[in-house]
Each structure stands twice: as structure tokens, then as C-alpha cells.
Amino acid sequence: MPEFSIEQERYELFEGPAYHFTPDRRDFLKLLGGGILVLLTLEPEDAEAQESGGRGRGGRGGGGQAMPENLGAWLHVREDGGVTVYTGKVEVGQNARTSLVAGVAEELRLDPKHIDLIMGDTQLVPYDMGTFGSQTTPRMAPQIHKVAAVAREMLVDLAAQQMKADRSALRVENGNVVNQASGKKLSFGELSKGQELSRTISANAQVTLATEWKTLGRDLTKVNARDIVTGRHRYSPDMVRPGMLYGRIVRPPAYTAKLQSADTSAAEKMAGVTVVHDGEFLGVACADSSKLAPAAAAIKAQWSTPTPQPNSNDVYSYFKAHVRGGVQPAAEVTDTGFQERLLSKLAALTGISLF
Amino acid sequence: MELVVNGRRRTSSSDPERPLLYVLREEFDLTGAKYGCGEGQCGACTVLLDGEAVRSCRVPARLAQGKQITTIEGLEHDGKLHPLQEAFIELDAMQCGYCTPGMIVAGVGLLKKNPHPAEAEIRRAMQGNICRCGTYPRIVQAVRMAAQGGSHA
């Protein structure tokens, strides 16, 4: 029986981004439409340690206005006073959209309904390697906190200038900077209007202490819950692009089975159906996705029969028969050192330390 | 083919044998009903036909002619959500939310027939709706909440 090879995960095949963002920061703000922009650069070791990597030559040598490299996140206080945050992370049911918005709401002392989070739209967001490994909260959330905290302080600076007030008298609440002495207030929109301010910060920006949190650590309704319960939210299968076809892959009946021949004539005769047969790849495409299953079923494919493999019924006996060093006697399972020995055995077998 | 979807008369040029789900999603751009399995096993595609919850991926569109088709998009009236939609939000009865439209429509179908179902009746009526995230306990709670508050349900 053949040895099993471990399939590679997509992130293990990572090659590094093929391009780097190098727009001028002023151009960038013009594109977004004025206001205040805060960009966060990652420390090189941070960038290497996390999936938001994308190292390389950034900027285009335009003096201080060049875009920095290793951008982790950016935040835009729009001229209408709303806030848009951009991240390469995506929402897959882990509630990252809500938790990341909550961090921005906390730092900007702003109701989450005024915060838009653009996730994973690669035309708009900083480079990010992907959403996996429970990295959004430990890695991305602190970055988003920092850009939001710096944006808040920039708004306070602007308010201090415009009100000719001391910063220490100013307080940020509900989308306004309020002068506690005079009661005068300026909204985020009033402050950001006509501005083209941008600031690049590094990883050491000061964020609100957990003991002072007002939004975080409390229940918060999922920010796009209403879109989900009304069917308005568009998941990727709900999106339509011009000329788009739906596809279905014709799969082999067993792991490692090879395609030997395929009679696709019946499927090809079906109106609107395109058959794709390229080497070992076999599939059908059609603008009407209801035709995919019948079209795929109409293909008569011959596959090689692979060497017998364990299935879910006999996988345990397979393991017992193939464990390196043989099965330990049952008595050993009850002793106290069992767990440690099991873990070191697993580590020796797999190269992965579970300690 | 004439179809009445969410109270609106619409003309479909689809083959009458095309399952209703694809007519709704790909012809009328009503993507609230989801494609899950395409085999009537998961409930993501649930819509109401004259108030009865059906798996739209298995219902030829011709069978929906002359009936009131209600999709998730049709439960909100003048900005006011159905009590079950409200309950789903309040109890956060979803994670990724992909099964949610089908869950809510199935729950609305149940409440139409049985406005005050016992928990066992909810479980029985909803057992054909699958949630991969495993939010079942809150879904059952949401149906109960809507039933309790629910003269509209």
C-alpha cells in the first residue's frame, strides 16, 4: 500500500505578491475623496511573522509622499464624517466584521453604524495573505485599533486648531469633538471636510486600555445582521458578472484515480452547455446553473482504479496496522505519563510539536 | 410563464421545468434563497408557495404558477421586519448567515400553520434545514421568541 503524502495547504504554496501598492498618498486621498487617511506600516519582523507580509520596494521615490511599504491596514475619515476601514481579512462566519468594527468604534468613540469595513476587495484593500489560523484578532485587530486611535487624535488636533482650544479640554464622543469648557462641538464631518491629511504610523501607536473600553467587551449586534435576515447580503455565489458562466467539475470517484477517457458528446449537445476537457481536468460550464448537474451526469468518464485505500469504515484498523513501532500494550494507556509520551510520539511521527 | 413573487407579477422566459430556485436567483436576481446542495437536503433554498415551505431547488417553476411565491426578500414590509427576522437579529441566531434566509422562511412557514409551536414541534419542522455553523439552539429560541411576541407570525 502506498505511503500517504500530506496535501499542501494553499498558504504553503505562497510565493509573495506579484505587485506592490505604490500610489502617491495624495493621489490616494483624491481617489478616496478627501478627508483624513491613516496608514499603518508593519515593522519588518512583524510583516515577516504575519500573513500581511508583502515586503518589497514600496514608494516611488517621491519624497515624503510616497506610499510606505508593508501596509497593514488603512482608515479613512470621509468628508461626510463617516469612517471607512480597509482590511484584507474576510468574514467567513467568525464575526470578524463585527469585532473589527467594534475596535474602530471604541477608538473613535463612534456608533458602529457610521463605520464601513471593506473586507477582502483586492482592488481596494491592503495586501493580506489570507484569513486563516485565528490570526484576525491577534494580528489585524491591533492594527485597526492603532489607525483608529491615531485618526481620533488627528481629529482632536484639528478641533484644537479650529476652536483655538487646548487639546486637554477636548473630548471625543458620538462623532463629535466636544470642548468640555465651552460646550462647543465640531462633528467629524466638519473637521474632515476639505482636508487632505494623511499620516503613516508604525506599530507602536497608543490604543485605549482595556480597562477603559466602552464598546469592546460588551454584546454588540452583528453589524450586518439586517442584511443577512433580509437576504440582501450578497455572498460570493450571489454575485453576477457580465458574461459569467457557472461551472461544475466532474470529479473522480476515488482519491488519485486518473481520467482515462471521457465521452462528452451528450453533454455537448445540451443547449448552452460548454464542456471543458483539458488533460485530466473535466468540467462543464453554463449560464444557467440548473443545467450543470444534468450536464455533468451526461458525461461518461472512465477512471483508473487506484490501489485500495482506507475508508471511514476501516481507517482505525489501517492506523493500527501501520503505526510505526507497533501498537503499545493497553496497560500503558492507563499510566500517568501516557499523554506526554503520546504527544512526543506524535511529534516524532509528524514533526509537529503539540506541547 | 407568469409568476407572482412577493406580491408582484413577473414574467419568466425560463423553461417551465427549470427549478424555481434558479428562476428566482438567476432570472429575477432574488439571491436571498441560497443554493446549498441542489438536492432538497439542506433547506437553504426554502421559499413559501401559498404559505407552505418548499425546497425551491426541487420544484419546477411551472408548479409555482398561480401561487403566491414568498421569498426572504418579501418578508419585510415598509421597512418593518417580520417578527422572526427581528428575533434572529436580537438573539444573533446566525454565524455566517448562509442558511439564515432558508431557516427564517421555514420558520415563518411553520408559524403560519402553528402560531405557538412547542419546542419539539419547532425541532421537527426545522430538521430539514441544515446549519453548518451549528447555531441550532438559538434558531429554536428565535422561533419561540417570534411565536411568543407573534400576533404577526
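Here are some notes:
- In the stretch B:39-59, the qualifying residues are those that are of a type in the set (A, V, I, L, M, F, W, C) and away from every other protein chain (no Cβ under 12 Å), and the one that is nearest to A:Pro237 (Cα to Cα) is B:Cys42.
- One residue from A:Asp263, A:Asp227, A:Asp238, A:Asp288 being among the acidic types (Asp, Glu), closer than 29 Å to B:Cys45 by Cα and touching a residue at least 24 places away in the same chain (Cβ under 8 Å): A:Asp288
- Every residue from the stretch B:134-146 that is surrounded by 15 or more Cβ atoms within 10 Å (Cβ to Cβ) and out of contact with any Leu (no Cβ under 6 Å at 6 or more places or on another chain): B:Thr135, B:Tyr136, B:Ile139, B:Val140, B:Val143, B:Arg144, B:Met145
- Within the stretch A:218-247, considering residues that are surrounded by 16 or more Cβ atoms within 10 Å (Cβ to Cβ) and over 22 Å from B:Phe28 (Cβ atoms), the one farthest from the other protein chains (Cβ to nearest Cβ): A:Val223
- Annotation: of all residues in the stretch A:208-217 being buried (at least 16 other Cβ atoms within 10 Å of the Cβ) and within 23 Å of the chain's Cα centre (by Cα), the one that is farthest from A:Asn95 (Cα to Cα) is A:Thr215.
For every residue, the table says whether it meets (1) among the aliphatic types (A, V, I, L, M); (2) crowded, with 24+ Cβ neighbours inside 10 Å.
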site: B:Gly32; (1), (2): no, yes
site: B:Gly36; (1), (2): no, no
site: B:Ala64; (1), (2): yes, yes
site: B:Thr71; (1), (2): no, yes
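- Among the strands (runs of 3 or more DSSP E) confined to the stretch B:1-64, the ones with at least 2 residues that are within 23 Å of A:Cys286 (Cβ to Cβ) are located at B:8-11.
- Lone unmet requirement of (1) touching a residue at least 60 places away in the same chain (Cβ under 8 Å); (2) assigned to a loop (DSSP other than H, G, I, E, B); (3) of a type in the set (A, V, I, L, M, F, W, C); (4) over 17 Å from A:Leu216 (Cβ atoms) for A:Val90: (1)
- The condition of being surrounded by fewer than 18 Cβ atoms within 10 Å (Cβ to Cβ) and of a type in the set (Val, Ile, Thr) does not hold for A:Thr136.
- Qualifying positions in the stretch B:18-38 - touching a helix residue (DSSP H, G or I) at 6+ places or on another chain (Cβ under 7 Å) and more than 9 Å from chain A (Cβ to nearest Cβ): B:Leu20
- Among the residues of the stretch A:308-338, those that are of a type in the set (S, T, N, Q), loosely packed, with under 10 Cβ neighbours inside 10 Å and modelled with pLDDT under 80 comprise A:Thr334, A:Thr336.
Here's the yes/no breakdown for (1) touching a strand residue (DSSP E or B) at 6+ places or on another chain (Cβ under 8 Å); (2) aliphatic (A, V, I, L, M):
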residue: B:Glu39; (1), (2): no, no
residue: B:Leu49; (1), (2): yes, yes
residue: B:Glu52; (1), (2): no, no
residue: B:Arg55; (1), (2): yes, no
residue: B:Arg58; (1), (2): yes, no
residue: B:Glu76; (1), (2): no, no
residue: B:His82; (1), (2): no, no
residue: B:Gly97; (1), (2): no, no
residue: B:Ile104; (1), (2): no, yes
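- Hits in the stretch A:265-282 - residues which are away from chain B (no Cβ under 14 Å), over 26 Å from A:Thr307 (Cβ atoms) and surrounded by 12 or more Cβ atoms within 10 Å (Cβ to Cβ): A:Ala266, A:Ala267, A:Glu268, A:Thr274, A:Val275, A:Val276
- Residue that is farthest from the other protein chains (Cβ to nearest Cβ) [pool: residues in the stretch B:65-108 that are in a helix (DSSP H, G or I) and of a type in the set (Gly, Ala, Ser)]: B:Ala106
- Meets criteria (surrounded by 15 or more Cβ atoms within 10 Å (Cβ to Cβ) and not in a loop (DSSP other than H, G, I, E, B)) for A:Ala262: yes
- Selection status of B:Pro101, under 11 Å from the mean Cα position of the chain (by Cα) and under 30 Å from A:Ala96 (Cα atoms): yes
- Residue in the stretch A:241-292 that is farthest from B:Tyr35 (Cα to Cα), counting only those that are among the hydrophobic types (A, V, I, L, M, F, W, C) and in contact with a Ser or Thr (Cβ under 6 Å, 6 or more places away or on another chain): A:Ala257
- Whenever a residue of the stretch B:79-91 is under 10 Å from A:Val229 (Cβ atoms), its partners that are of a type in the set (D, E, K, R) and surrounded by fewer than 24 Cβ atoms within 10 Å (Cβ to Cβ), lying with C-beta atoms within less than 8 angstrom and at least six residues away or across chains, give the pairs B:Leu81/A:Arg226; B:His82/B:Glu76; B:Gln85/B:Glu76; B:Ile89/A:Lys222; B:Ile89/A:Arg226.
- Among the residues listed as A:Val147, A:Val250, the single one being away from every other protein chain (no Cβ under 14 Å), surrounded by 12 or more Cβ atoms within 10 Å (Cβ to Cβ) and either at pLDDT 95 or above or closer than 23 Å to A:Gly93 by Cβ (or both): A:Val250
- In the stretch A:79-101, the residues that are crowded, with 23+ Cβ neighbours inside 10 Å, among the hydrophobic types (A, V, I, L, M, F, W, C) and out of contact with any His (no Cβ under 7 Å at 6 or more places or on another chain): A:Val85, A:Leu100, A:Val101
- Residues in the stretch A:286-298 include none that are hydroxyl-bearing (Ser, Thr, Tyr) and exposed (fewer than 15 other Cβ atoms within 10 Å of the Cβ).
- Residue count for the stretch B:112-144 satisfying the condition of being farther than 26 Å from A:Gln94 by Cβ and part of a helix (DSSP H, G or I): 10.
The values are calculated or read from the model by the stated rules, or taken from the named source; none is laboratory data. Computed from a prediction, not measured in an experiment: that's the story for all the values here. All Cβ positions, even for glycine, are placed from backbone atoms using ideal geometry, and neighbour counts span all protein chains on display.
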